[in-house]
Each structure stands twice: as structure tokens, then as C-alpha cells.
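Read-outs throughout are calculated quantities, based only on the coordinates presented, and are distinct from any laboratory measurement. In this text, all values refer to a predicted model and were calculated from it rather than measured experimentally. Positions of Cβ are generated from backbone atoms using ideal geometry, with glycine treated the same way; all protein chains shown enter the neighbour counts.
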């Protein structure tokens, strides 16, 4: 069997067609770079002996290797491939570290990136959300609503017209740098506007995309994960403003316009409960010395489980319990309604009422809540700080429902009666000076 053939092109250059030693098929013709037949023969002989050049700075390849590659390419050209087959080929090349990205023109990965994101965060339509719920994992409607808004505000314009399978890590990197740049306030825009987004908010924007892209890779919709090794922005933890004990005492001694706002702050201050947990309280949750925290309330999700997914019991000071029972008696919706009642029987008061009541009363005693960063969640920090002075971290954490792995790995999930009594006694001592009710609502 002949090992090669020589022929002359129209420009006079001699080309060699080497022969696959396994199949006898002629391989793609290669230029010898000369018009002289003797020089061409010498060059082909050198190829067969030492290997065939494949480009600058690359080692020559054996005839068998070159033939094998051409056979692969021929098989791909002749095969009846679909988009899934193409993704498998791409993935094989990427696994070898030979490519970074490749996009197919059809298939699920060819959908527009922004359209994919919109469906991904659509609570009712998302396969990702259905999957999480089916496996018993919690994901709230507000969580999805926030991310959908970030997609529409930040992604839609930047990634317009880009297919899902064309997004690279470099694209995400450039997008993150774009988000970090100084912004100009849109003409006609009213209200608060930040010229620069905080690092934590940029990370939240990026998460709306990276969560979806990682899922798309795991599901085989795209051939690579562009979020792999993507660097996040370094965040400085945002510190909540916390009142001093004297400020808290002055606040609860002041006159509050709304008794629900007053009782809510008093309850959160003396138990460390979250706003949603406060709103979800019903009369049936109130015992003689204990409050059962079983649910949380969300504007988007309604009544749901607590943030950790677990119920807990917290000590309830007698004075605070009395205020809760007063509210329950005032409720126009009867004993089955929410203690912090609203205008509708099936919904508690809006959380904004509780926050506005807090801010208004703070302003009345000369405290700028905006400058100090005081929000309703500040009571959770106030409670933890005051109680931590008198008790161990795990005792406090079991009452507040902090689900930190570092704290809880070594402890049981349930608070004991002994611990409840101890926390109750300390709470009465720590918060006793707030429970005078001289002017409170």
C-alpha cells in the first residue's frame, strides 16, 4: 500500500496526501511549501519518520494520530447529530481542557438568557422551584420576587439577545464590573438613588444569574458552568443600629400612637423574635409563661414556617403577655384571628405599621432612626446583646432560633424546660426596667 501521493496545485506548490495505514484512506492534502519535487519528497520522508507538523510551537504528530483525528472529524460531519449530541461533543472537549465555551444553535440551551432567567425565578412556572419544593426544601415567593426584579432591572438590558449557552465566566466578570461602576440617576427618577451599588447588593444581583446558570449546567442545558471560580465582591457586613438600654427605656416610656406597634416592639425586644414571627402570633400560641413560635408571616407567602423551618418556645414575661391579650381582645376578628390584627381577618397588620410606629416614637424622643440604622430587626440584636451578658451563647440561641452550625452542632435541637426557666428569670431582670408602662400604649 502506498504511503502518500504527490500532486501540484495551480500555484505550482506540491501537496502531499498521506495515507491512513489502518484504512488506506487518503488524508487531507498538506502543502510541502516547495515546487521542487525532490525537496517535496525529502520533506514527506521526514514527516513519516519524525512526525507531521501541526502548527507553530507544537510538537509534530505521528501519522496514526493525525489519521485518527481526521476520522473523528469525518464521523462528526457525516453523523446525524442533534443539539444534545453536540453538547456531548462540546463537553468531551471541555473535559480535556481544549475549549472554554461553545454554543449550539438549537436545543434548550439556545433560549435567550434573559427569558431563561425570567422563567427560572417565576414561582409558578420554574422547574427549579418545583424541584426544591418536591424535595421538601423551602423557597419563599418574596425570595423569588426579589430576584425576578433584579433580573428585569439589571440583566434584561445588558444581556439582550444573548443565548443561554453563550454566557461565559468572562461575561459574568464584565457584568460584575459594570455593576460596580458609578451610575447616573435616570431623568425623572424620584426617590432614593444610589450612585454606587454596595458590594453586598452586587453579589445579590449576581446570585440571580449564577444560581440559574449552575442549575442549567447540572441539568445539561449548557455544556459548561460559567459560574465556576467566579470571584464575588468582598462584603463589609452591614451593622444594624442598636439602642442603648437607657434609650430603650425612654422609648417604651414614651407615648405610642399605635398600640400594635408598641406591643410588637416590646415583644421583639424581650424575646428576640423576628418581625414575621411577631405578625404570625395567634391567641392559641400564648401560654401562661411561654409563647409558642410556630409560624412566620410574609406578604407574598402568607402564613409559613419559621426561617429555620422549626418551631420553638420562648419565655413570655407576664407584662408582655398582658399586652398581647389586650390586643387579642381588641381584635375585630375574634379569637381565631391574628393578635396583631389588620383590617382583614385572614391577614395581620402590615409590617410597615410596626416599623413606622417605632420610627415615629424614636423621632419623638430625639433619635434619628435613619442615621442610626434602627429597624425592627434591631430588637433581635438588642435582645441577643443584653442576654449574652448574662447567659451562654447556646442558651440564648435556642430561644432566638439562630440556626448557626457552629452553635448548634454540639447541642440538641430542643430547648429544655430548665433552660426556658433560666432564660425567663434573666429576661425579667434584664428587661424589668422597660416594663413600667407609664406612658406606653
For a protection proxy built on the mean count of beta-carbon atoms within 10 angstrom, sort 373-386, 174-187 highest first, please. 373-386, 174-187
Sorted by average packing, counted as other Cβ atoms within 10 angstrom per residue and highest first, what order do 224-233, 334-343, 353-362 take? 353-362, 334-343, 224-233
Taking only the C-alpha atoms, wrap a convex hull around region 206-353 and report its volume per residue in Å³ as a whole number. 164 Å³
Estimated inter-spin distance, residue 70 and residue 17, nm [label 7 Å along Cα→Cβ]: 0.9 nm
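Does region 315-396 come out rounded, prolate or oblate by the C-alpha gyration tensor, with a ≥ b ≥ c the root eigenvalues, rounded set by a/c under 1.5 and, if not, prolate when a/b is larger than b/c and oblate if not?
oblate
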Can you give the Rg to Rh ratio of region 4-79, both from alpha-carbon atoms, with Rh computed by the Kirkwood formula? 0.98
With the crude spin-label approximation of a point 7 Å out along Cα→Cβ, what separation in nm comes out for residue 141 versus residue 257? 3.0 nm
